[in-house]
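Structure first, then comments.
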Amino acid sequence: MRGAAGARKEPLPPLLIELASLSAADALKRLGSSENGLSAVAVELRRHECGENRIAHEEHQALVVQLLGRLLNPLNILLLTLATVSMFLGEREAALIISVMVLLSLSLATVQERRSSTAAERLRAMVHTTTAVVRQAGEQEAPPSIGAPGGAGITGAAAMPAEIPMEQLVPGDIVHLSAGDMVPADLRLIAAKDLFVNEASLTGEALPVEKHADPRAVSAANGSPSSDFAELDDICFMGTTVVSGSATGVAALTGPRAYFGGLAAVIAGERPLTSFDKGINRFAWLMIRFILVMAPLVFLINGLTKGDWVEALLFATAVAVGLTPEMLPMIVTVNLAKGAIAMSRRRVVVKRLNSIQNFGAMDVLCTDKTGTLTQDRVILQKALDLRGEESEEVLQYAYLNSFYQSGLKNLLDVAVLQHSRALTLEQKARQYRKIDEVPFDFERRRMSVAVENSGQKLLICKGAVEEVFAVSRLGRAAGASFALDDSHLAQLRASVEELNSDGFRVIAVAVKELPASQSTCALDDETNLVLVGYIAFLDPPKESAGRAIAALATHGVRVKVLTGDNEVITRKICREVGLPPGRVALGTEIESLTDTQLSALAEQTQVFAKLSPGQKSAVISALQRSGHVVGFLGDGINDGPALKTADVGISVDSAVDIAKESADIILLEKSLLALDDGVMEGRKVFGNVVKYIRMGASSNFGNMFSVIGASAWLPFLPMAPVQVLTNNLLYDFSQTAIPTDNVDPEYLAHPRRWEIGNIGRYMLFIGPISSLFDYTTYLIMYFLFGANTPARAALFQTGWFVESILSQTLIIHVIRTQHLAFIESRASAPLMLTSLGVCALGAALPYLPFAQALGFVPLPLLYWPLLALQVLVYLALTHLMKVWFHRRFGLD
């Protein structure tokens, strides 16, 4: 979700201001709900009243709106203006031909994009963003409408939290939040434990803020409810994300009524343009400026030399249409849509169409380790005491911690709960009662739960080895306790490193007895712990990872690993998948580096370990400063900042909410092989768009010399206005198949980025060649066939028309590849069919029944072998120039 709302200020909804000053019980009553949630009847009534929990950016545009948006493209506006001018001048045929061009471009682009959207929607339905909600069981009396006082009829049997699609949430629903969740609506908290929320999407402030269930939003000045955003500590806003802790809240405002929903309606569609978007826009406006100079010049030259100013205006209008790259929007849209459809067949959801091209430009892919290089199938293999021996006590403590913690259950927790002895362990765990917990966060890198059994209260802490050791005072093994010192840390590090070198990830476990009177716990309780041992997990390397990394490397994409895991295990996994780790940079190392130093380090380093979320983002920014186009693949709460920073954010269906919302691309299967396919599709899109741009730019540049020279020299128009438009219509049709074309393997081998300078050079070197052969045709028609008077103008115009349509249609086969056209490289069947079909039709036009209406006459027999020779020499000369150009300036 590039283009966040930033620090945009909007007035807070009055209901939120009111709820913030009420107690939790009164807030529930105000919303007509209870701690047991809503009944099924109430849910349906409120959904009917408030609609689904969707915001503006998710709405689909109607077909009419889509067509209108395309019609208002600057190129189409120019064409329709020229059609209007032609109509006023009495040239209905010209106006009709121009309108057909616009219609052709609009219809092809719209049909293809809707096909892409349909395919994407089918896959998007498989991407689930859910929220945990408590609702009443059984039939209940419906509560009053939202905002009505009182809560009669809300009692009923409570249900356990159930995951529902986020769009099904309604006001009054009881929502459970934990680390990694995206807040699904504006919520009034009714319970919270160490809850920290990132509100950067609303405020622009990167640091998380703490939230409480107690009403605190009261103005110090007059005691009335505060309307200051920062003071609403008991309100969680839609679109923000839970960094750590857990909470329960009641939904107050959903969909567009929510604070974020209102912002989304204002900022929907505001995304920064990619370099590809900017390049396309620059080219389009360059052509428009070119037309604004050329058309008046052609008008003046013909008006002054021929004396017929109306005819000069019609010809200038036709030339302006001919110079307009009106198929550019269609070519871009159809290429992108075709890429999205191709990726959908590989179970890849493209949320943002333009991100496909960014794939092609990507030269660095940063990825997390877990689930990408590994199988994402973590298994708890060992539970060891401090002597390195299997320990039932350590296993039971670890199970208690994972069983009772209510925050984000990561893969390690799942592995603990799915241990082979899980049934026995759960039976023992249920003998305990949970008292409280201290949730996990990425600064402490540990979490604790407090439980009670038979009057004994115990704090159980598990987390990263060094972080748990740092808050432990004693160690315990074989029933004996001993004071910990640096020697024990060294022994522990050696044991952990040995396990890491075998591919195990290690988590330490420590405990502490709590006073019988203690009923809560906090960060301060994580001191003077007793270290009892550690648990070791195995996440084997993914078999396809090595092949995918090799494929990406072959295609010019370097893979860098950005992980929060430790150095030793990261090294082992990287070696096993064929990714030489080299020097591994740690989070503590990059903390103190300047931007320049970090950019240099990021350039040279393949693997980064023990990174915080902010450090992952910093590494990506450093690579971008060095000129790289960076993709990032991640699925965890700690990957959100990196996904937003990257040029291409990639996530998976199983990711946490914030990761999926931040991503441009979602993989339904977590595989790097799918990314390599995406890279290839992106480069195909770019390659086919550049083919059209190169051809259009060079053709227009050559036509400039041809039209100006002929206008100044001939005593008549070199081509009738309707012929110019017919030529352009046929030429446009021949280009509609470019998105289906093949792209040379050499072109796909390396990242491709927009180079407007290279396109300009191509135009300068290739364009004049076509003009050279136009002048050859002029000389043949003028001197050899005697078409040198106004009475013989039709013959001249027919001769140039046929040469022009054949040469500019066939030249695409030369421009589309660096190889020898038709022999070493062939175009796709649709492109071959349209181009050769248009050439056949162009050659046949002088002999068709309606030829006279278009001003065509039959051509002399000698014309055809001379034309064939001209076209062959033109294609050969252009090929030689192209080969020299690619050797001199490269493929871009």
Q) over 17 Å from G634 (Cβ atoms) and in contact with a Pro (Cβ under 9 Å, 6 or more places away or on another chain), is that true of V561? A) no
Every listed condition ((1) in contact (Cβ under 8 Å) with a residue 12 or more places away in the chain; (2) over 23 Å from M680 (Cβ atoms); (3) open to solvent by 20 Å² or more (accessible area, probe 1.4 Å); (4) not hydroxyl-bearing (S, T, Y)) holds for V298 save (3)
Any chance V334 is open to solvent by less than 40 Å² (accessible area, probe 1.4 Å), part of a helix (DSSP H, G or I) and either modelled with pLDDT of 80 or more or closer than 30 Å to D676 by Cβ (or both)
yes
For the stretch 656-674 the number of residues that are open to solvent by 10 Å² or more (accessible area, probe 1.4 Å) and modelled with pLDDT under 75 is 7
Counted residues in the stretch 798-837 being free of Cβ contacts under 8 Å to residues at least 60 places away in the same chain, closer than 22 Å to A697 by Cα and outside any helix (DSSP H, G or I) come to 2
Scanning the stretch 68-104 for residues that are at pLDDT 70 or above and of a type in the set (S, T, N, Q), the one nearest to V350 (Cα to Cα) turns out to be N76
When the stretch 779-794 is checked residue by residue, the ones that are of a type in the set (A, V, I, L, M), within 58 Å of the chain's Cα centre (by Cα) and over 13 Å from L717 (Cβ atoms) are L779, I780, M781
Q.
I'd like to check something: does the stretch 601-617 contain any residue that is within 26 Å of Q375 (Cβ to Cβ), touching a residue at least 60 places away in the same chain (Cβ under 8 Å) and open to solvent by less than 10 Å² (accessible area, probe 1.4 Å)?
A. yes
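One line per residue, one yes/no per condition, for (1) of a type in the set (K, R); (2) touching a residue at least 40 places away in the same chain (Cβ under 8 Å); (3) buried (at least 19 other Cβ atoms within 10 Å of the Cβ):
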position: E526; (1), (2), (3): no, yes, yes
position: D539; (1), (2), (3): no, yes, yes
position: S544; (1), (2), (3): no, yes, no
position: A548; (1), (2), (3): no, yes, yes
position: G556; (1), (2), (3): no, yes, no
position: C574; (1), (2), (3): no, yes, yes
position: V577; (1), (2), (3): no, yes, yes
position: G582; (1), (2), (3): no, no, no
position: Q597; (1), (2), (3): no, no, no
When every residue in the stretch 484-508 that is open to solvent by less than 70 Å² (accessible area, probe 1.4 Å) and in contact with a Lys or Arg (Cβ under 8 Å, 6 or more places away or on another chain) is compared, the one farthest from E392 (Cα to Cα) is S501
The residue that is surrounded by the fewest Cβ atoms within 10 Å (Cβ to Cβ), considering only those in the stretch 301-322 that are in contact with a helix residue (DSSP H, G or I) (Cβ under 8 Å, 6 or more places away or on another chain) and either of a type in the set (S, T, Y) or on the phi > 0 side of the Ramachandran plot (or both), is T305
Pairing a residue in the stretch 719-747 that is part of a loop (DSSP other than H, G, I, E, B) with any residue that is among the polar types (S, T, N, Q), where Cβ atoms lie under 6 Å and the two sit 6 or more apart in sequence or on different chains, gives M719/Q797; A720/Q797; A737/T834; D741/N688; D741/S828; N742/S828; D744/T817
Margin query: So, P849, is that one at pLDDT below 95 and either in a loop (DSSP other than H, G, I, E, B) or over 26 Å from N742 (Cβ atoms) (or both) or not?
Written below: yes
Note on the stretch 19-57: residues assigned to a helix (DSSP H, G or I), closer than 15 Å to L189 by Cβ and either open to solvent by 20 Å² or more (accessible area, probe 1.4 Å) or free of Cβ contacts under 8 Å to residues at least 60 places away in the same chain (or both) are A24, A25, D26, R30
Note: among A787, A793, just one is open to solvent by less than 30 Å² (accessible area, probe 1.4 Å), out of contact with any helix residue (DSSP H, G or I) (no Cβ under 9 Å at 6 or more places or on another chain) and farther than 30 Å from G890 by Cα, namely A793
Out of (1) at pLDDT 75 or above; (2) within 13 Å of V242 (Cα to Cα), the one L207 does not meet is (1)
With the first residue restricted to the stretch 413-436 and required to be modelled with pLDDT under 90, and the second required to be part of a strand (DSSP E or B) and among the aromatic types (F, W, Y), Cβ contacts under 8 Å at 6 or more apart or on different chains are A415/F537
All-but-one check, S592 against (1) part of a helix (DSSP H, G or I); (2) open to solvent by 50 Å² or more (accessible area, probe 1.4 Å); (3) not aromatic (F, W, Y), failing number (1)
How many residues of the stretch 762-773 are farther than 17 Å from H886 by Cβ and open to solvent by less than 10 Å² (accessible area, probe 1.4 Å)? The answer is 1
Checklist entry - Within the stretch 625-644, can one find any residue that is out of contact with any helix residue (DSSP H, G or I) (no Cβ under 8 Å at 6 or more places or on another chain) and outside any strand (DSSP E or B)? => result yes
Selection over the stretch 349-387 where residues are open to solvent by 40 Å² or more (accessible area, probe 1.4 Å) and not polar (S, T, N, Q) yields a count of 8
Counting only residues in the stretch 703-761 that are at pLDDT below 85, more than 19 Å from Q808 (Cβ to Cβ) and open to solvent by less than 20 Å² (accessible area, probe 1.4 Å), the one farthest from the chain's Cα centre (by Cα) is identified as N758
From the option list R433, R421, single residue qualifying as over 30 Å from V197 (Cβ atoms) and open to solvent by 70 Å² or more (accessible area, probe 1.4 Å) is R421
Among D647, D677, the single one that is closer than 30 Å to E746 by Cα, at pLDDT 80 or above, over 14 Å from the mean Cα position of the chain (by Cα) and open to solvent by 10 Å² or more (accessible area, probe 1.4 Å) is D677
Of (1) of a type outside the set (S, T, Y); (2) surrounded by 20 or more Cβ atoms within 10 Å (Cβ to Cβ); (3) free of Cβ contacts under 8 Å to residues at least 12 places away in the same chain, I620 satisfies every one except (3)
Of the residues in the stretch 838-852 that are open to solvent by 20 Å² or more (accessible area, probe 1.4 Å) and touching a residue at least 40 places away in the same chain (Cβ under 8 Å), the one that is nearest to R683 (Cα to Cα) is L841
Tell me, please, whether a residue that is within 21 Å of A720 (Cβ to Cβ), open to solvent by 10 Å² or more (accessible area, probe 1.4 Å), aromatic (F, W, Y) and in contact with a Ser or Thr (Cβ under 6 Å, 6 or more places away or on another chain) can be found in the stretch 797-816.
yes
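The values are calculated or read from the model by the stated rules, or taken from the named source; none is laboratory data. Since the model is a prediction, treat every value here as computed from it, not as a measurement. So basically every Cβ, Gly included, is an ideal-geometry build from the backbone, and we count neighbours across all protein chains shown. All accessible areas refer to the heavy atoms of the entire protein, side chains included, with ligands and DNA or RNA removed. Shrake-Rupley method; radii C 1.70, N 1.55, O 1.52, S 1.80 Å.
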